[in-house]
Amino acid sequence: MEIIKLELDEKKHGAFNLYIDDKKLGEMMVSIKDDLLIVYHTGVDPDEEGKGYAKKLMDEIASYVHTNNLMVLSLYP
C-alpha cells in the first residue's frame, strides 16, 4: 500500500515521505515557518525512479499548502 506521511520534528523540520509496504521510497525535505512551507530537496530511491513518485510527492505538497493556506518557497534547483 502506498502512503505519504508528513513527518516533522518539534521545530517543524522534516519531510513528506512516500512509503510502499512500509519501505521508504521517496522524500521531499521541508520546513514550515509561519505561513510558509520551504522545500529543500526531493529524492526517490534510484531503483524506483521514473515511476511518478516525485510527482505524487509534489501533488501531496500542493494539496497540503492549499488546505492549510500556506505559501511555498522552493530552494533547490
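Which residue, G43, L73, I20, has the largest displacement toward the positive end of the dipole of segment 2-74 when charges sit on each Cβ (Lys, Arg +1; Asp, Glu -1)?
Highest projection toward the positive end goes to L73.
Could you tell me how many cubic angstrom of Cα convex hull volume the chain has per residue?
Measuring per residue, one finds 92 Å³ for the Cα hull of the chain.
Hey, got the dipole for the chain? About the Cα centre, +1 on K and R Cβ, -1 on D and E Cβ, debye to the nearest 20?
Using only the charged Cβ atoms, the result is roughly 200 debye.
Around V72, what is the net charge, scoring Lys/Arg as +1 and Asp/Glu as -1 over all other residues with Cβ under 15 Å from its Cβ?
-2
Taking 30 Å as R0, compute the FRET efficiency from the Cβ-Cβ separation of I20 and L73 and round it to 0.05.
Between I20 and L73 the formula returns 0.55.
Read-outs throughout are calculated quantities, based only on the coordinates presented, and are distinct from any laboratory measurement. Since the model is a prediction, treat every value here as computed from it, not as a measurement. Ideal geometry is used to build each Cβ from the backbone, glycine not excepted, and the neighbour counts take in all protein chains shown.
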